[in-house]
Every structure is written in C-alpha cells, then in structure tokens.
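What follows is a single structure, written as structure tokens, with notes after it.
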Amino acid sequence: MGGPPQKITLAQGIIRAYDGVKRNLTEMAEKMPEADYGYKPHADSRAFGQLFAHAANSMYGSCAALKAVANPNQGKNLEETLKTKAEFVKAINDAYAFCDEAVKAITDANVAEMVKQGQNEVARGSIVAGLTSHNNEMYGTGAAYMRAKGLVPPSTERAQAPRKPGQ
C-alpha cells in the first residue's frame with residue numbers, strides 16, 4: 001500500500017502542503033454551484049465566493065514578497081469587486097499561477113533565506129507555510145458552507161472514493 005518509505009525534506013513538505021490546499025481550493029471553487037456563491041451562514045460571514053477572493057488577495061501579497069516584485073493586486077479588493085462564480089474561480093486560479101513558480105523554487109538551501117515582506121524580513125518557507133495555513137482555513141470554512149448546502153467537499157470525496165487494488 002503506497003510504495004516504499006520516503007525521506008521528505010522541509011522544502012518538499014512545504015511544497016506538498018501548498019499543492020494539497022491548491023488542489024482542494026480550486027476543486028472546491030469549481031464544485032459549488034453558481035447559485036450558492038453568495039451563500040453566507042450568518043450576516044457577519046463572508047459569502048462563499050468571498051473566501052476565494054480573500055485567499056487570492058492574501059496570496060498576491062505573500063507571493064509578491066517571495067518574488068521580490070510589486071504586488072500586482074495592490075489596491076484591489078477582490079472580495080468587493082468580484083460577483084460571479086467565473087470571476088471567483090479565475091481569481092483563485094490566477095493567484096495560484098502567480099505563486100506557483102516562487103513556491104516551486106523553494107529548496108532546502110533557500111527555505112530559511114530571509115526576504116522582505118512589508119517592514120519585516122521573513123524566511124521564505126515561513127511565508128509559504130503561512131499562505132498554506134491561511135488557505136487551509138479558507139478551505140475548512142468553505143467545507144462547512146458546502147456541507148450546509150448538502151455537498152461533499154472535494155477532499156472528503158476523494159477520501160471516500162473506492163480505491164483500486166494496489167493503491
């Protein structure tokens with residue numbers, strides 16, 4: 001079951017965690033019906049679609065720091081401007097596209113390298129760990145929204161899928 005034991009380095013673990021939540025969030029964004037993108041469990045909650053806009057806003061800031069470039073989303077609040085499922089799905093996919101190269105460039109040699117983020121200097125790996133943790137929070141929140149609408153979140157759906165022999 002699963003293959004031989006592996007040694008997973010700090011950089012590899014950080015990248016795997018990033019890839020895992022990327023898969024979960026992007027699949028979740030696709031799965032929820034358009035009609036439920038405005039769903040809020042409470043008046044003070046974000047709407048379902050706003051979870052993806054919030055994640056995208058945050059990712060642009062984090063990954064701009066990793067890339068040592070200006071934040072291309074600076075001054076934009078996607079939570080306020082996006083309205084349709086297509087816009088929210090595009091926003092999360094675009095944010096991941098902006099981040100992917102910088103995250104995949106993390107190695108064991110540079111994971112602790114300090115980069116400028118706002119007024120601070122932060123280790124590369126810490127930025128990606130924070131981004132991943134935040135996006136996992138958005139996924140967990142979205143999972144509760146999906147369940148309230150009678151839908152199974154993507155990660156649960158995968159875990160419950162029948163496995164082929166040898167998997």
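Structure notes:
- A11 vs. criteria outside any loop (DSSP other than H, G, I, E, B), within 26 Å of R158 (Cβ to Cβ) and either under 14 Å from the mean Cα position of the chain (by Cα) or among the aromatic types (F, W, Y) (or both): no
- A single entry from M32, M28 fulfils the requirement of being modelled with pLDDT of 95 or more, aliphatic (A, V, I, L, M), in contact with a helix residue (DSSP H, G or I) (Cβ under 9 Å, 6 or more places away or on another chain) and more than 14 Å from N135 (Cβ to Cβ): M32.
- Pairs where the first residue, in the stretch 27-46, is at negative phi and the second is open to solvent by 30 Å² or more (accessible area, probe 1.4 Å) and among the hydrophobic types (A, V, I, L, M, F, W, C), C-beta under 8 Å, 6+ apart: K31/L151; M32/L151; Y39/A148; P41/A144; P41/A148
- For the stretch 44-64, the candidate set comprises residues that are part of a helix (DSSP H, G or I) and among the hydroxyl-bearing types (S, T, Y); within that set, the residue that is surrounded by the fewest Cβ atoms within 10 Å (Cβ to Cβ) is S58.
- Residue within the stretch 76-83 that is among the β-branched types (V, I, T), modelled with pLDDT of 95 or more, in a loop (DSSP other than H, G, I, E, B) and open to solvent by 30 Å² or more (accessible area, probe 1.4 Å) present: no
- A single member of S45, S126 is under 30 Å from K7 (Cβ atoms) and small (G, A, S), and it is S126.
- Test set (1) open to solvent by 60 Å² or more (accessible area, probe 1.4 Å); (2) assigned to a loop (DSSP other than H, G, I, E, B); (3) under 24 Å from E157 (Cβ atoms) - P72 fails condition number: (3)
- Restricting the stretch 91-109 to residues that are out of contact with any Ser or Thr (no Cβ under 9 Å at 6 or more places or on another chain) and open to solvent by 30 Å² or more (accessible area, probe 1.4 Å), the residue that is nearest to Y60 (Cα to Cα): F98
- Residue count, the stretch 23-43 (criterion: assigned to a loop (DSSP other than H, G, I, E, B) and under 18 Å from T81 (Cα atoms)): 4
- Considering the stretch 110-134, and only residues there that are at pLDDT 95 or above and either closer than 19 Å to G38 by Cα or among the small types (G, A, S) (or both), the residue that is least open to solvent (accessible area, probe 1.4 Å) turns out to be G125.
- Taken over the stretch 51-110, the criterion of being closer than 20 Å to N24 by Cα, basic (K, R) and out of contact with any Asp or Glu (no Cβ under 6 Å at 6 or more places or on another chain) is satisfied by K90, K104.
- The residues of the stretch 141-160 that are open to solvent by 60 Å² or more (accessible area, probe 1.4 Å), in a helix (DSSP H, G or I) and free of Cβ contacts under 8 Å to residues at least 60 places away in the same chain, listed by number, are R147, E157, R158, A159, Q160.
- The C-beta contact set for the stretch 111-134 (first residue closer than 23 Å to Q74 by Cβ and basic (K, R), second residue open to solvent by 60 Å² or more (accessible area, probe 1.4 Å) and not in a helix (DSSP H, G or I), distance under 6 angstrom, 6+ apart or interchain) comprises R124/E113.
The values are calculated or read from the model by the stated rules, or taken from the named source; none is laboratory data. Every value quoted in this text rests on a predicted model; they were computed, and no experiment measured them. Cβ sites come from the backbone with ideal geometry, for glycine too, and all protein chains shown count toward neighbours. Quick note on the areas: whole protein, heavy atoms, side chains included, nothing else; ligands and nucleic acids left out. Shrake-Rupley method; radii C 1.70, N 1.55, O 1.52, S 1.80 Å.
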